[in-house]
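For reference, the structure discussed in these notes is given below.
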2 protein chains.
Amino acid sequence: MALDRLLELTVLLNDDMTNALRREGLTVARTHLLWALHQRGPCTQRALADELNVTPRNITGLVDGLTETGHTRREPHPTDRRSTLVTLTPTGALVMKGMARGRLSLATRLFGELSPAELEAFAGTAAHVSARLRDALATEDER
Amino acid sequence: MALDRLLELTVLLNDDMTNALRREGLTVARTHLLWALHQRGPCTQRALADELNVTPRNITGLVDGLTETGHTRREPHPTDRRSTLVTLTPTGALVMKGMARGRLSLATRLFGELSPAELEAFAGTAAHVSARLRDALATEDER
DNA sequence: TATTGTTATACTCTATAACTATA
DNA sequence: TATAGTTATAGAGTATAACAATA
């Protein structure tokens, strides 16, 4: 059944992500945070908490770790002295650029043998599934 | 790009799984263990460690938790006094039966609107991607 | 009074290493 | 000597609650 394949794929992707990141001294959770910074630029921890859907306390820990490894830096907020701005260090920015390239090459290797039509069909279906997921889980409680 | 959709889907599925399971007092890791028991019947902890690809120490913790919540039980191995056989309690077996049904109904809701041809194409592509993933990650190190 | 980030505390998953009981 | 499972220890991710500084 398709769902089983999908779940299996989920597990595989997750494990592979974890292992690949460990080789760079990163974790999945920390990489999500880096990715958010890469896309949005400097953020307050509050904004990161909202973006990643975790508690502010959790962000404190993730930024602690990333700052210790030299990927991020805490800077004072220019107008609000309660806030800190989390920014990518040059190293952190480099790592994220490499990661963007890595995703591209992984995609090429994974999907490279598919015809454009197949690719389109797959992406369309994935989008469809993604959209339905929301509705489905809103009513999953009666299970 | 298709990979982005796939990763997004991975994250969504993962979060949803986590939340759905929390409503039943379970976690993803513990459910993997229950699923293995559901499919293979009573297992030694060693066998579970191999099946889930985690350390024996980790299995000790998971079985501790599941036994405390009444999903599993430890029984003496009939011939090897070093081993314990982990079994599903009646409650645990019931939960897993419900989960098998739940997966079916979730699949129906997610994929129900797709034509058989679309479903087949999606499943085929997922299998293809799954297979390629192995090769791809064996050579991902040059990144 | 409300918000930002922290400290305090706790639980789960995970790993390695040392140890006990058995094989 | 090797194997099954445990205790000991540690680190990461996550949560809630109480608190300090600031708005």
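Laid out as a table, the results:
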read-out	value
Least to most buried among B:Glu120, B:Glu68, B:Glu51 (fewest other Cβ within 10 Å first)	B:Glu68, B:Glu120, B:Glu51
Efficiency of FRET from Cβ geometry, A:Trp35 and A:Thr60, R₀ 22 Å, rounded to 0.05	0.75
Estimated inter-spin distance, A:Val11 and B:Leu52, nm [label 7 Å along Cα→Cβ]	1.1 nm
Rule-of-thumb Rg ratio for segment B:9-71 [Cα; 2.2 N^0.38 Å; N residues]	1.14
Ranked list, fewest to most other Cβ atoms within 10 Å of each Cβ, for B:Thr79, A:Thr69	B:Thr79, A:Thr69
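Bear in mind that the values in this text are calculations on the coordinates, not laboratory data. These numbers come from a predicted model, not from an experiment. Neighbour counts are summed over all protein chains in view; Cβ atoms, including those assigned to glycine, are modelled from backbone coordinates with ideal geometry.
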